[in-house]
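Taking it in order: structure first as structure tokens, then the write-up.
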Amino acid sequence: MKGRIPDHIVETVLSRVNIVEVVSEFIPLKRAGRNFRALCPFHQEKTPSFMVSTDKQIYHCFGCGAGGNVFNFLMQFERIEFPEAVEILAKKAGVVIPESLSYDTKESSGINAQLQKACETAASFYENNLSVPCGTQAREYLLKRGIPQEAIKAFRMGFAVEKWDALINHLRSKGINLSLMEKAGLVVPKEGGGYYDRFRNRIIFPILDVKARVIGFGARVLDKTLPKYINSPETPLYIKGKNLYGLWLSKDVIRDLDAAVVVEGYLDFISAFQQGVRNVVASSGTALTAEQARLIKRYTHNVVMVYDGDASGQIATIRALDIFIEEDMQVRVVSLPEGQDPDLFIRKNGIECFRALILKAQPLFDYKMSVLKSRYDAKEIEGKEKICSEMLSTIQKFRRPVVKSEYFKKLAQELKVKEEALLQEAKLFHTGGKERGLAASPAVVAQKSIHSVEQFLIKLMLEEDAIIAELKDKLEPDDFLDERTAKIVTLMFDCIAQGKGIEPSKLLTHLGDAEATRLLCESTFLPDINIENREKILADCVQRLKAKKLTFKRQCLQEEIKAAQEKGDEERLHKLIAEFDTLIKTRRGTG
Ligand SMILES: [Zn+2]
């Protein structure tokens with residue numbers, strides 16, 4: 001996450017700006033004891049759970065878990081990258097960042113910039129093909145599909161001619177070499193050596209990132225040849241699950257309307273957008289990922305899904321619902337008539353009908369319920385059980401207990417079963433029982449029970465540097481079983497070893513891990529701990545951590561032993577048993 005701006009500059013900026021002043025430029029803050037409080041700008045809420053600390057120079061939302069230092073706030077609020085946030089705040093604080101390190105120059109060098117140039121040159125080449133005689137057939141095809149010239153231009157659509165080396169020759173003439181073309185996914189190596197153009201005789205849809213830079217391509221046939229679409233492979237520039245088609249055009253509208261319409265294909269996007277439903281994006285080419293959901297969340301928390309009206313569209317929708325829920329977003333669903341996609345629907349019925357469908361989108365619960373009822377017989381016990389377990393798997397994903405309990409109630413009513421029965425079923429489900437078909441692994445069990453001890457220690461260490469020094473003598477970072485706490489502790493131990501004091505806001509610039517950041521911010525805002533016999537409590541915590549770690553190791557070894565037994569791997573079994581014996585002896589030693 002860190003740019004090339006050196007630590008000392010980052011730290012100077014951090015020490016000169018006050019997070020309270022910066023945040024209050026964007027949202028109204030109210031004093032609450034030593035801290036400040038506000039309605040969270042990152043999720044919808046009625047009572048404020050967003051806290052800002054002057055002492056610690058950190059913010060944290062107890063509702064959605066957002067949190068970090070002043071850089072994180074700016075990045076999250078303004079949807080910018082770390083170096084950009086540092087630059088903005090440096091200006092504010094009067095800190096000069098050397099020209100050679102500034103954000104723009106950093107971007108224009110390096111492999112990504114070269115790949116981007118290759119993609120941009122290819123996009124212009126394809127675009128141009130549509131306006132010369134070799135592109136006549138493609139142009140006519142697009143017009144016939146109701147895509148006018150302005151749209152072709154706006155979406156930078158193009159055409160790849162039916163030749164094996166048209167693009168290769170063009171890019172060569174522009175000084176772009178074959179290895180770069182290959183890295184950019186534009187050409188494919190031949191078996192006997194040499195390369196050929198990846199896209200031939202296809203309509204080209206350039207894929208642009210949010211900053212409107214070409215990073216990849218989708219390509220569609222003009223006839224019934226299969227595959228209908230091919231896409232760029234993943235490249236350092238184009239990571240499929242991290243991009244949404246069309247967001248470069250629709251992001252501002254999505255923010256203004258505070259809602260996004262999510263469709264599947266390029267043409268679905270193009271039809272809707274050019275006819276005036278402009279808050280649209282396409283997940284094109286992949287099943288929706290959590291990263292794509294988070295990308296939408298930068299602009300809105302409200303999503304309407306309009307996937308294809310067939311079985312695979314249904315399955316994709318249900319999967320995506322869970323992802324949006326896990327991201328704490330509000331989602332509704334439009335079901336299109338069987339066999340239709342948004343593009344076809346709009347061409348057949350007009351954009352106003354499409355708008356009407358969006359307005360009437362179903363809440364996710366109703367949608368999933370109706371899909372399940374069409375699959376299973378809700379009057380039979382067996383059907384009820386299936387519907388119940390599939391609905392529960394979704395309901396369990398809601399982060400907030402109130403929402404969860406409302407859905408339990410609703411599900412109980414729908415299925416005509418007692419709510420207590422559902423709650424019991426849910427418990428079964430949650431403990432990793434039969435529905436998921438796997439027992440909770442030792443790592444999971446261990447994590448639940450250690451979490452509180454580890455977080456307790458983090459909180460104590462944040463309060464007093466002396467405690468860190470003390471614990472550093474007694475514990476190793478990997479005595480902390482939770483990966484997040486281990487990362488935080490490693491950093492804290494390093495700081496102390498270098499004779500530096502602990503400032504949470506500074507730690508965060510080095511942490512670079514979303515989950516660990518969240519835990520650190522949350523710990524900062526937990527009530528202070530006043531412990532009387534500190535020595536004893538610390539010693540107790542240390543011992544508990546050590547014991548947990550031994551138990552954890554033992555459980556892992558037992559599993560490995562079992563696996564080796566099943567495989568009949570005598571040699572490995574021998575070794576593992578020896579290890580196990582040593583471990584037991586150590587345990588007696590500390591016990
Ligand atoms: Zn929040």
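Below is a table of values for the structure above.
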quantity	calculated
Convex hull projection area averaged over all views, region 242-369, Cα basis, nm²	6.6 nm²
Part-to-part distance (alpha-carbon centres) for region 330-373 and region 153-189, which is given in Å	38 Å
Tilt relative to the chain, helix 442-463 - C-alpha long axis, 0 to 90 degrees, to 10	70 degrees
Folded to 0 to 90 degrees: helix 82-93 orientation relative to the chain principal axis, Cα	70 degrees
376, 307 arranged by Cβ crowding within 10 Å, fewest neighbours leading	376, 307
Amide H within-cut-off set for residue 332, under 5 Å, with H built and near neighbours excluded	303, 304, 305
Residue pairs, from the table 30/548; 56/117; 500/548; 46/546, whose Cα atoms sit over 32 Å apart	30/548; 56/117; 46/546
q = 0.29 Å⁻¹, region 376-436: log10 I(q)/I(0) [Debye, one scatterer per Cα]	-1.39
Region 133-138 - phi-based ³J(HN,Hα) in whole Hz, Karplus 6.51/-1.76/1.60, Gly and Pro as x	x, 5, x, 3, 4, 5
Kirkwood Rh and Cα Rg combined as Rg/Rh, region 482-580	1.15
Highest to lowest packing among 345-355, 144-154, scored as the average C-beta count within 10 Å	345-355, 144-154
Those trypsin sites (Lys or Arg not before Pro) in region 257-335 that DSSP places in a loop and that have at most 12 other beta carbons within 10 Å	none
Net charge of neighbours whose Cβ lies under 9 Å from the Cβ of residue 272, counting Lys and Arg as +1 and Asp and Glu as -1	-1
Qualifying trypsin sites (Lys or Arg not before Pro) for region 374-415 [loop in DSSP, other Cβ within 10 Å: at most 13]	379
Ascending count of other beta-carbon atoms within 10 Å, so fewest first, for 170, 60, 574, 8	8, 574, 170, 60
Per-residue Cβ neighbour rank within 10 angstrom, fewest leading, 156, 400	400, 156
Crossing angle, helix 534-567 versus the chain [Cα axis fit, 0-90 degrees, rounded to tens]	60 degrees
Other-chain or far-sequence residues with amide H under 5 Å of residue 196's (modelled H)	188, 190
14 Å beta-carbon shell around residue 258, net charge (K/R +1, D/E -1)	+4
Neighbour cut-off at most 16 other Cβ (10 Å), DSSP loop, GluC sites (Glu not before Pro), region 460-565	464, 532
Cα gyration tensor of region 110-238 - equivalent ellipsoid semi-axes, whole Å, descending	23, 17, 13
Under 12 Å, Cβ to Cβ, from residue 524 - net charge with Lys/Arg +1 and Asp/Glu -1	-1
Square roots of five times the Cα gyration tensor eigenvalues for the chain, Å	46, 33, 28
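Every read-out reported here was derived from the displayed coordinates using simple, explicitly stated rules and does not represent laboratory data. Bear in mind the structure is a predicted one, so any value in this text is a computation, not a measurement. All Cβ positions, glycine included, derive from the backbone under ideal geometry; neighbour counts span all protein chains shown.
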